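Undergrad: If you scroll down you'll find the structure; I have some questions about it.
The values are calculated or read from the model by the stated rules, or taken from the named source; none is laboratory data. Not measured: the values here are computed from a predicted model. Virtual Cβ from ideal backbone geometry, glycine too; neighbours counted across all protein chains shown.
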Amino acid sequence: MTVRGLEIRFERLLFGARWLLAPLYAGMALALIAIVVVFARELIAELGHLAILTGEQATVLALSLIDLSLIGNLLMVVMLAGYESFVSQLRIDMQEDRPEWLGTIDFAGLKLKVIASIVAISAIALLRSFLLLGEPGVAIDETRLRWMVVIQLTFVVSGVLLALMDWISSRTPSHPAPKH
């Protein structure tokens, strides 16, 4: 066997290794099922207390459900865009309800969607903690609250820096592809 023949086989092996990611995306689908079950369980549990919910408690419930929804959306975007970007194209062109973004998100766009979702999820958790401060019998853990704010600000700054890096990268002339 020639060196070129070995190189071709090795490259096919590397290219085929992308299918090792498929179980990860299947696991994300299972995690999405778990999110839906938790969402339904929380909603059903709180609907039983609907008559005695205060405005703040209803807001905390709504924020919890929004939080779960955002996590589910994040899973869906990463699962579908990641699979299509790194494993194989989704052949669902005939579906009339195919999301517009599917097939158009590149890796840079996926990174920005992930960080934006993380910022939103973190902000909701922080807001929920602030709302719970007014509840009777809730002990204030100032250290935990400070860390939550620091983490939120870290996520925001990271997102802005990531967007800035992508913007700078998009304005940099690309190098020609190597010729084989």
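Undergrad: Which of (1) modelled with pLDDT under 85; (2) surrounded by 15 or more Cβ atoms within 10 Å (Cβ to Cβ); (3) not hydrophobic (A, V, I, L, M, F, W, C) does Glu96 not meet, given it meets every other one?
TA: Looking at each condition in turn, Glu96 falls short on (2).
Undergrad: How many of the residues in the stretch 64-117 are among the β-branched types (Val, Ile, Thr), more than 22 Å from Leu162 (Cα to Cα) and not in a helix (DSSP H, G or I)?
TA: Our first condition is that a residue be among the β-branched types (Val, Ile, Thr); within the stretch 64-117, this holds for 66, 71, 77-78, 87, 92, 104-105, 114-115.
From what's left, more than 22 Å from Leu162 (Cα to Cα): 66, 87, 92.
Subsequent filtering for residues that are not in a helix (DSSP H, G or I) retains 87, 92.
Counting residues in the stretch 64-117 that are among the β-branched types (Val, Ile, Thr), more than 22 Å from Leu162 (Cα to Cα) and not in a helix (DSSP H, G or I) gives 2.
Undergrad: Would you check if Leu43 is of a type outside the set (Val, Ile, Thr), in a helix (DSSP H, G or I), modelled with pLDDT of 90 or more and farther than 23 Å from Ser129 by Cβ?
TA: Taking the combined requirement at face value, the residue does not satisfy it.
Undergrad: Quick one: is Val138 farther than 30 Å from Ser169 by Cα and surrounded by 14 or more Cβ atoms within 10 Å (Cβ to Cβ)? Lay out the reasoning, then the answer.
TA: Working: farther than 30 Å from Ser169 by Cα: yes; surrounded by 14 or more Cβ atoms within 10 Å (Cβ to Cβ): no.
Answer is no for this residue.
Undergrad: Hey, another quick one. I'd like the residue in the stretch 9-65 that is surrounded by 13 or more Cβ atoms within 10 Å (Cβ to Cβ) and among the hydroxyl-bearing types (Ser, Thr, Tyr) and, out of all such residues, is farthest from the chain's Cα centre (by Cα).
TA: Thr59
Undergrad: Of all residues in the stretch 116-135 being surrounded by fewer than 16 Cβ atoms within 10 Å (Cβ to Cβ) and not aliphatic (A, V, I, L, M), which is nearest to Leu63 (Cα to Cα)?
TA: The qualifying residue nearest to Leu63 (Cα to Cα) is Phe130.
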